[in-house]
1. Mind listing whichever residues of segment 48-73 are in a helix (DSSP H, G or I) and touching a residue at least 12 places away in the same chain (Cβ under 8 Å)?
2. Against the condition under 17 Å from the mean Cα position of the chain (by Cα) and more than 17 Å from residue 7 (Cβ to Cβ), how does residue 101 come out, does it pass?
3. Consider segment 93-117. How many of its residues are modelled with pLDDT under 95 and farther than 22 Å from residue 46 by Cβ?
């Protein structure tokens, strides 16, 4: 999870720098908001999964995952609504480009995991 969040932060920072440098301040802070709309809900989900629970069993982990995923969807919707209703002027293209690029950084976590060991045994 940490790898994915760091990759998302890095991707968002790159998008912010690109849009700010090429298109100016409005595009830069719009890209920042797009990155935050992706990163904050994902961090909420990650936090829900790693916080210690009273019941360490698989049922409690599954409940935490469901709550985290519904919370992630809710946070994403609320943040999008807040940005589009409160922020003026806004460069929607920069916001969506940053949001999509940051979300695609999620796949970097799948590529960076070490699959050579499963169940503690070396795979040939």
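The values are calculated or read from the model by the stated rules, or taken from the named source; none is laboratory data. In this text the structure is predicted, and so the values were computed from the model without any measurement. Quick reminder, even Gly has a Cβ in these numbers, built from the backbone with ideal geometry, and neighbours come from all protein chains shown.
1. 48, 49, 50, 61, 64, 65, 67, 68, 69, 71, 72, 73
2. It is false that residue 101 is under 17 Å from the mean Cα position of the chain (by Cα) and more than 17 Å from residue 7 (Cβ to Cβ).
3. 2
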